[in-house]
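These notes are about the structure you will find just below.
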Amino acid sequence: MCGIVGYSGKGDAYLSVYKGLCRLEYRGYDSAGIAYPEKGDFVIIKDKGRVSSVLDRDFKCGSGTVIGHTRWATHGTPSAENAHPHRVGSVCIVHNGIIENYASLREMLTEKGYTFLSQTDTEVACALISMYYDLLHDPIKALAVAARLFTGSFALCIIFKEYPERIYALRKESPLLIVPSDGFTVICSDLTVPDFDFDSYYIPESGEIAVLDNGKTEFYDFSGKNIEKMAVSGSFKGDVHVSAGYGSYMEKEIYQQPQVLYKLFSESEEKYEKIKKLFYNVNAVHMIACGTAYHAALTASGFFERVSGIPAYCHLASEFRYGEFIPDDNGMNIVISQSGETADTIAAMRYLQKNGRKVIGVVNVPSSTVDREADLTLLTEAGPEFAVASTKAFTAQVALLMRVAFFISRDSKKPGQYLSTLVKTVKDAVFNALENSEYIYNVASVMSRNSDSFYIGRRTDYALACEGSLKLKEITYIHSEALAAGELKHGTLSLINDGTPVIAIITEETVKDKTASNLEEVMARGGEVFCIAREKDMPDCVKPGNRVILPDIPFPTTVFTASAVLQLIALKSAVLLGRDVDKPRNLAKSVTVE
Ligand code: M6R
C-alpha cells in the first residue's frame, strides 16, 4: 500500500504532486508528505492526516523536483515522525512496500552511530543509502549496493542534496511507473496520477533503478549497469472525479454497475477466444483471490460448475501461497484481482508459475502486475474503482467468470439460454433493484443502530452473504458475520438476541424453503429478520417492511440485483453513521503487503 509520486522538470511540480497524492489517497490515507530540494538542503512537509489537511494546495515551492507520499502504516503508528518523506544526511526518500530485514539493518546502522527518529523501515532504508552515498559519492553506486541488501518489496523515490534536479527510483516488486511528457517526467504508483494526456510510459522492472532528470529518464540494473529500456504504449482513460449527484465514489461505482454488466454480457466472444487452447482437457478450475475478489470467485463458482461441467475450487490467495498444494497439469488456475497488485494474489500466481502451471488473470487495472505476469489476462473493464470498498469490480468479476463458463461449456445448449436472458435483463434489473430505496433505507437504519449483524444464505447466496457482510463491516465498522444458512444452528445461533438483525439472501429458488426455515429459527430467538429476494421467493415469516423485493427476473440475473442491494445497504448504513465511505479507517484500496 502507500502511494508515491515524484515530479522532475519544468512546470508546477508541487501542484502536480499534490494532485497526484489526492488521486493516490485510495492506497493509504493515514499520513501524507512532500519534500523538495532548496538551497543545498531539503524542505520536508509531512504529518498524520489526509493530503488536504497536511498540505496546502496553493503552496508555491519554486522547485522543479518534488517527491510525495500518502501512507498506510505498516511500521509504526500514523504520526508526523513516521510519515514520509524521511531524510538521513544528504538523502531523502519516500517508499511503498516493506523492507523485511529492516530490524537487522537498523541494528547494524545503530552500531555505526546512526540514530532514528521514527519506527519505520523506510528511515532505515534511507540511512543505508546515505551510508553508502557517503562512502561511494555516487548515487547510482550507493543505490545499487543498498538495493542488493534490502529484502522484501519496495518502490522508492529518492532525492540527493547534491543533485537537486534529479529523482532517483528503485523498484523490487512494488508498483512504479514513469510517465514522460514535454520537459518534465512524473513517477508514480499508478496511472491515475498524471493529469495530462500521454500515450506511452515506462515500467521499471523489479531490480531496476531509474533516474529522472529534466524530462529525460535513464535506467540501470542493481549492479549499477546502464540499460536500454523501451516505453510501452498506453494511456489512462478514466474519470477520476466524483460526479455531481453522487455523495461518494462508492455510490457512483454502485450505480455504474448496470452499464458495466451489460457491456460484459453483450460483448462478443472474441476476447474469450484466446483461452480456448488453455481449457483443452481441463478437469478442474482453481480460482484464487483475496477479499471481495475471493467472494466473486465463490459467487461464480457454483454457476461456473453447472454451466461448464468442470469442477471449480476457490482458494484464498493468502492461504494458498503457503500451502503445498499444486493443482495437477490438467487443472486451470485463475487469479482474480481488481487492482492486479495484491501481494498475496501475485505471490500465489508466481508460486503456480514457478511450478510450471499456467495462470489466467482476471484483472481490472490494465498494466498492473497480474496483467503483465499472468500467462493470459482477461480484463474486466469495469473502469477505475476508487472507493476502498469494491463494488462494480466485484460484479464485473462474477460476470466475467460466468462468461468464461459459457465459453468453455461442455453442454452447448446451456450458455445461450442464460446469456440471452442476462443480456436482455441485467441492465434494467440492477437499475430497478437500486431504485428500491425505501426498503433498503429501512434495513440500513436498523443495521446502523446495532453493533452486530448476520448475513445468511445457501450456495450462491452464502457467497453473496459473505460479500454483503464484508461490505457492511468494511465501511460501517459494525461487527458482522456471514454464514451458510444451515450452519447457524451449529453454534452461532447462540449470538441471536432480541432485535439482532439477520439478513437472508435468496436468489436461488431451489433453496428458498430451507433458508426460510432458518429465518423462522432466528425469529424464534427474537432476531429481527430481513430478506432480499424476489416476491415469489420471499418467506412468509418476513414482515412486509423488512422485505427487499428484487425484480422478477430469473437466476443468475438475481445474483447481480441482490449484490447491488447489499452494497447499497452497506453504503446507506455507513452514511447514516457519518462514516467516511470511500476511505474507511485502517484500510487501503490496494493491498501490496502480505
Ligand atoms: O485488488 P484486489 O481485487 O486483489 O483486492 C482484493 C481485496 O483486497 C479487496 O477486494 C478488498 O477486500 C476490498 N476492499 C473489499 O471491498
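The values are calculated or read from the model by the stated rules, or taken from the named source; none is laboratory data. Predicted model, so just to flag it, every value in this text is computed and none were measured. Heads up, the Cβs are rebuilt from the backbone with ideal geometry, glycines too, and the neighbour counts pull from every protein chain shown.
Within region 344-358, identify whether any single residue is at pLDDT below 90, within 16 Å of the ligand (Cβ to nearest atom) and under 24 Å from Glu467 (Cβ atoms), and answer yes or no.
no
Does Val591 fit the bill of being in contact (Cβ under 8 Å) with a residue 60 or more places away in the chain and under 22 Å from Leu298 (Cα atoms)?
Here the answer is yes, as Val591 does meet what is asked.
Among the numbered criteria (1) out of contact with any Phe, Trp or Tyr (no Cβ under 9 Å at 6 or more places or on another chain); (2) within 14 Å of the ligand (Cβ to nearest atom); (3) within 19 Å of Leu376 (Cα to Cα), which one does Met287 miss?
Unmet condition: (1).
Taking the condition of being in contact with a Phe, Trp or Tyr (Cβ under 7 Å, 6 or more places away or on another chain) and buried (at least 21 other Cβ atoms within 10 Å of the Cβ), how many residues in region 459-484 meet it?
Adding up the residues that qualify gives 8.
Listed residues Ser308, Ser318, Ser268; which is at pLDDT below 95 and under 18 Å from Arg459 (Cα atoms)?
Step by step, each of Ser308, Ser318, Ser268 is checked, and only Ser308 is at pLDDT below 95 and under 18 Å from Arg459 (Cα atoms).
Starting from residues that are over 21 Å from Arg525 (Cβ atoms) and outside any helix (DSSP H, G or I), keep the ones in region 454-491 and report whichever is nearest to the ligand (Cβ to nearest atom).
Tyr477
Kindly indicate which of Arg350, Arg372, Arg357 is of a type in the set (D, E, K, R), free of Cβ contacts under 8 Å to residues at least 40 places away in the same chain and either in a helix (DSSP H, G or I) or buried (at least 21 other Cβ atoms within 10 Å of the Cβ) (or both).
Answer to the selection: Arg350.
Could you tell me which numbered condition Glu269 fails, if it satisfies all but one of (1) more than 25 Å from Ser233 (Cβ to Cβ); (2) within 16 Å of the ligand (Cβ to nearest atom); (3) charged (D, E, K, R); (4) touching a residue at least 40 places away in the same chain (Cβ under 8 Å)?
Unmet condition: (2).
Of all residues in region 297-328, which are among the small types (Gly, Ala, Ser) and within 16 Å of the ligand (Cβ to nearest atom)?
Hits for region 297-328 are Ala297, Ala300, Ala317, Ser318.
Against the conditions (1) touching a residue at least 60 places away in the same chain (Cβ under 8 Å); (2) part of a helix (DSSP H, G or I); (3) surrounded by fewer than 22 Cβ atoms within 10 Å (Cβ to Cβ), where does Ile549 fall short? Just the number, please.
The number of the failed condition is (2).
Mind listing whichever residues of region 497-514 are closer than 16 Å to Gly457 by Cα and at pLDDT below 95?
Glu508, Glu509, Thr510, Val511, Lys512, Asp513, Lys514
Being in a loop (DSSP other than H, G, I, E, B), over 23 Å from Gln397 (Cα atoms) and more than 16 Å from the ligand (Cβ to nearest atom) is true for just one of Asp540, Asp580. Which residue is that?
On inspection, the qualifying residue turns out to be Asp540.
Criterion first (modelled with pLDDT of 90 or more, within 19 Å of His84 (Cβ to Cβ) and outside any loop (DSSP other than H, G, I, E, B)) does Val186 satisfy it?
Yes, satisfied.
Taking only region 71-94 into account, find how many residues are modelled with pLDDT under 95 and part of a strand (DSSP E or B).
1
Taking region 29-49 on its own, how many of its residues are aromatic (Phe, Trp, Tyr) and within 12 Å of Arg87 (Cα to Cα)?
Number satisfying all stated conditions: 2.
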